[in-house]
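No lab work stands behind these numbers, since they all come straight from the coordinates. Since the structure is predicted, the reported quantities are computational estimates derived from the model, not experimental observations. No Cβ is skipped: glycine too gets one built from the backbone with ideal geometry, and neighbour counts run over all protein chains shown.
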Amino acid sequence: MQAPAVTLEECSKRFGERLALRKATLAVEPGETVVLLGPNGAGKSTLLRLAAGLLRPTAGRALIDGTPAVDAPRALRARMAYAGHASQLYRGLTARENLALHARLHGRDLELDRLLADVGLADRADERIDGFSRGMLQRLALARATGHDPALLLLDEPASGLDADGRALLDRALLDGRDRRTQLVASHDADLPQRLGARAIRLDAGRLA
Amino acid sequence: MIGPALALARVKLVLELRRREVVFAMLLFVAATIVIVHFALRADAGAGERAAAGMLWAAIVFTAVLGLLRSFAAEAEAGALDALLLAPVDRASIWLGTALAQFGFLVAVEVVAVPVWWLLFFQEGGPDPVPLIAALVLADVGIALVGTLAAALALGARTRDVLLPVLVLPLVIPIVLAGVTATYAAFGEEGGGFGPIGPLGFLALYDLVFLALAWGTSEHLLGD
């Protein structure tokens with residue numbers, strides 16, 4: 001099955017008085033990797049949350065394969081993943097329990113040991129993640145996001161808190177997914193598009209350049 | 001839908017067993033309420049059955065609100081609600097799983113609170129335990145269903161700690177009325193002419209109506 005396309009049509013999002021995103025128009029082709037660059041507060045996270053269907057646009061449309069993202073049916077949600085600033089993990093559970101819940105919700109029988117080993121957390125698998133560092137949480141969030149092999153991957157500053165090994169791991173995961181899945185990644189790393197051979201798009205003060 | 005709901009409820013119960021944040025606070029609150037009201041009323045054995053029944057139900061409802069305020073706390077902590085919303089499950093299962101956990105918390109609290117209430121107010125005698133327990137279980141189901149729906153509705157509000165009780169308390173007034181009536185009937189007093197059957201039937205009907213209502217609306221409430 002082809003990876004889904006992500007389309008934003010004149011998409012705006014307002015939070016109270018603040019317009020976080022202004023009439024953004026963007027087309028990410030199926031199987032394409034796009035890196036979203038821009039300073040803090042540029043609207044990258046808002047754009048990603050709109051694309052994921054976690055926010056409803058104030059104006060315009062955010063579509064996944066032609067379907068409004070906020071109304072994405074279960075079959076489409078099964079093929080996508082989003083990792084944001086927060087880890088989206090349960091702090092009181094272990095790393096393995098978090099991935100097991102993810103597998104259960106996706107109705108998949110995932111190889112949890114392999115997933116944990118892939119992100120370098122095999123020896124911390126049965127520890128509660130309350131004590132995990134930011135980088136370890138990012139690794140686990142990456143395992144959660146990629147574990148079910150989504151066809152659409154939306155990542156918001158996934159390198160935040162990662163050490164050099166973690167960043168290399170992230171690059172490998174994104175390179176591995178290139179052409180196979182649609183990837184939209186928000187980042188401060190200006191070199192990332194070149195490393196991934198990806199299209200770069202700049203966002204500044206809520207406007208796409 | 002049931003499988004994901006049970007998985008989520010299990011997670012919430014496991015978290016509570018490890019952290020003891022919700023049930024412990026609920027237990028302290030309900031025990032304090034029962035003890036304070038007992039001394040405030042200076043209840044003698046058998047003398048204040050109506051007052052005792054009323055205060056039990058009031059204590060349970062306010063204690064439930066305390067638990068409901070924390071019903072989505074684990075998800076809010078690290079954005080886990082986003083992961084749940086994007087999971088390929090019926091969003092009603094998020095509400096149902098949370099409601100099941102709330103039901104479990106309420107039952108755990110009542111297992112301690114009701115014997116304390118009984119000991120303080122009824123050194124001799126007391127109500128027939130069967131209709132009382134049936135009323136409590138049916139009421140817990142209703143409070144969990146309605147309360148979790150209200151908690152989902154208040155989730156995005158900045159003032160949710162204030163909004164949630166304002167939403168929940170009017171909705172659970174019928175539960176309190178039916179619960180108190182069932183408890184009177186358990187003392188052998190009037191229960192609408194049918195003993196405890198009438199109020200118990202009302203509680204069961206309330207649960208079914210709100211189960212259907214919440215099931216139908218939770219997809220939109222949680223989705224937005």
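Out of (1) of a type outside the set (Val, Ile, Thr); (2) surrounded by fewer than 19 Cβ atoms within 10 Å (Cβ to Cβ); (3) in contact (Cβ under 8 Å) with a residue 60 or more places away in the chain, what's the single condition that is false for A:Gly161?
Only one criterion is unmet by A:Gly161, namely (3).
Report yes if B:Ile133 is within 26 Å of B:Gly201 (Cβ to Cβ), crowded, with 16+ Cβ neighbours inside 10 Å and out of contact with any Leu (no Cβ under 6 Å at 6 or more places or on another chain), otherwise no. Explain how you work it out, then say what you get.
On the way: within 26 Å of B:Gly201 (Cβ to Cβ): yes; crowded, with 16+ Cβ neighbours inside 10 Å: no; out of contact with any Leu (no Cβ under 6 Å at 6 or more places or on another chain): yes.
No, not satisfied.
For the range B:75-97, name all the residues that are under 16 Å from A:Met80 (Cβ atoms) and more than 8 Å from every other protein chain (Cβ to nearest Cβ).
Within the range B:75-97, just B:Arg91 meets the criteria.
So how many residues does the range B:7-21 have that are in contact (Cβ under 8 Å) with a residue 60 or more places away in the chain and over 14 Å from B:Leu84 (Cβ atoms)?
2
Looking only at the range A:104-113, filter to residues that are touching a residue at least 12 places away in the same chain (Cβ under 8 Å) and more than 10 Å from every other protein chain (Cβ to nearest Cβ); which one of those is surrounded by the fewest Cβ atoms within 10 Å (Cβ to Cβ)?
For the range A:104-113, the residue satisfying everything is A:Asp113.
Search the range B:22-50 for residues being outside any loop (DSSP other than H, G, I, E, B) and without any contact (Cβ under 8 Å) to a residue 12 or more places away in the chain, and hand back the single one that is nearest to the other protein chains (Cβ to nearest Cβ). Write out each step before concluding.
The initial filter retains those residues of the range B:22-50 that are outside any loop (DSSP other than H, G, I, E, B), namely B:22-41, B:49-50.
From what's left, without any contact (Cβ under 8 Å) to a residue 12 or more places away in the chain: B:24, B:28, B:32, B:36, B:39-40.
Details: B:Phe24: 14, B:Leu28: 20, B:Ala32: 26, B:Ile36: 32, B:Phe39: 37, B:Ala40: 38 Å.
Ranking the qualifying residues of the range B:22-50, first place goes to B:Phe24.
State which residue is nearest to the chain's Cα centre (by Cα) when the search covers only the range A:47-82 and only residues that are more than 9 Å from chain B (Cβ to nearest Cβ) and over 16 Å from A:Leu26 (Cα atoms).
A:Leu55
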